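This report refers to the structure that appears directly beneath it.
Values in this text are rule-based calculations from the coordinates and carry no lab data. All values derive from a computational prediction rather than experimental measurement. Virtual Cβ from ideal backbone geometry, glycine too; neighbours counted across all protein chains shown.
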Amino acid sequence: MPHQDTHPIVEQLAHCLLLGESLRTILGIFGSYDLRAHWLQGEFHHDVVLHVPDAVPRLPGGFLVIATNCNGGVKEVLCFDEEPDRWALWNRRCPDNPEFSGEASNPLACSRTIHWFDPCMLLTSDARSELLPEHRRRQRGGGWRMIDDLED
């Protein structure tokens with residue numbers, strides 16, 4: 001996904017560097033948020049999707065996606081005017097992956113941190129895993145999950 005325009009509040013949220021601190025900052029600025037989704041792609045990528053009811057006009061849109069690593073380290077914060085679809089968002093990130101589909105709207109603002117790296121690298125067949133091969137399964141689009149974890 002090409003680098004998008006940034007916004008001061010999106011930058012502030014990203015540079016908290018930890019999910020908990022980003023969420024506390026959202027509460028401090030806006031007073032509330034609604035957790036819409038928590039998507040895990042492989043072992044090492046989380047997307048936390050939030051609706052911030054009173055975000056506009058202080059933010060360009062009312063939906064935030066905070067992408068983190070497995071330790072809650074913020075990699076990227078994206079701002080949208082509508083709730084993104086999971087597979088469309090991944091299609092935007094990794095357009096060459098045939099298992100992802102849909103058209104995600106362009107983020108209205110984006111900020112990446114020192115934790116960011118190309119998320120498509122997590123989805124290759126030889127991607128790093130802390131799970132032994134006999135205890136893992138490949139997830140839709142790539143990445144590893146516990147063999148008995150049926151959620152994609």
Selection count where residues are on the phi < 0 side of the Ramachandran plot, not in a helix (DSSP H, G or I) and not charged (D, E, K, R), scope region 2-18: 8
Search result, residues across region 19-36 that are in contact with a Leu (Cβ under 7 Å, 6 or more places away or on another chain) and either outside any helix (DSSP H, G or I) or loosely packed, with under 14 Cβ neighbours inside 10 Å (or both): Tyr33, Asp34, Leu35, Arg36
Selection from region 97-152 of residues that are surrounded by 16 or more Cβ atoms within 10 Å (Cβ to Cβ), of a type in the set (A, V, I, L, M, F, W, C) and either in a strand (DSSP E or B) or touching a Leu at 6+ places or on another chain (Cβ under 9 Å) (or both): Phe100, Ala104, Leu108, Ala109, Cys110, Trp144
Failed item, numbered, when His7 is tested on (1) more than 30 Å from Pro133 (Cβ to Cβ); (2) touching a His at 6+ places or on another chain (Cβ under 9 Å): (2)
Evaluation of Ala55 against (1) touching a strand residue (DSSP E or B) at 6+ places or on another chain (Cβ under 6 Å); (2) over 23 Å from Gly141 (Cα atoms); (3) of a type in the set (Gly, Ala, Ser) (one fails), failing number: (1)
Members of region 52-69 that are in contact (Cβ under 8 Å) with a residue 24 or more places away in the chain and crowded, with 17+ Cβ neighbours inside 10 Å: Val52, Ala55, Leu59, Pro60, Gly61, Phe63, Leu64, Val65, Ile66, Ala67, Thr68, Asn69
